[in-house]
Amino acid sequence: MTDRNRSQYKSCAAVMGTLTNAQKAQRALSAAAIPTSVTKSGSSSSHRGCVWSVNFSCNQMENVRSVLSSAGINVKSWEADNDVF
């Protein structure tokens, strides 16, 4: 298996502040044929309280950023297999 194939299955996430924003993001990405799931994360050192994230395959990162930007959806942070960037 090549490195390219391995990165295809890495999980990335767009961290949102509210469930409503995560659901809006999921609808926008669904309209662009990008499969996603919404999950609730507990509090962590980088976020206060509960946060919601939209999970997707890392090979879709550029497409996800473009779709969310075009839809005017704000993302608190981006994560790739528990790495925040």
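The values are calculated or read from the model by the stated rules, or taken from the named source; none is laboratory data. Everything quoted here is computed from the prediction, not taken from an experiment. Reconstructed Cβ throughout: ideal geometry from the backbone, glycine too, with neighbour counts over all protein chains shown. Ligands, DNA and RNA are excluded from the accessible area calculation, which covers all protein heavy atoms including side chains. Shrake-Rupley method; radii C 1.70, N 1.55, O 1.52, S 1.80 Å.
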Identity of the residue in segment 16-52, open to solvent by less than 30 Å² (accessible area, probe 1.4 Å) and at pLDDT 95 or above, that ends up farthest from residue 81 (Cα to Cα): 28
Failed item in (1) surrounded by 11 or more Cβ atoms within 10 Å (Cβ to Cβ); (2) at pLDDT below 95; (3) of a type in the set (Phe, Trp, Tyr), with residue 56 passing the rest: (2)
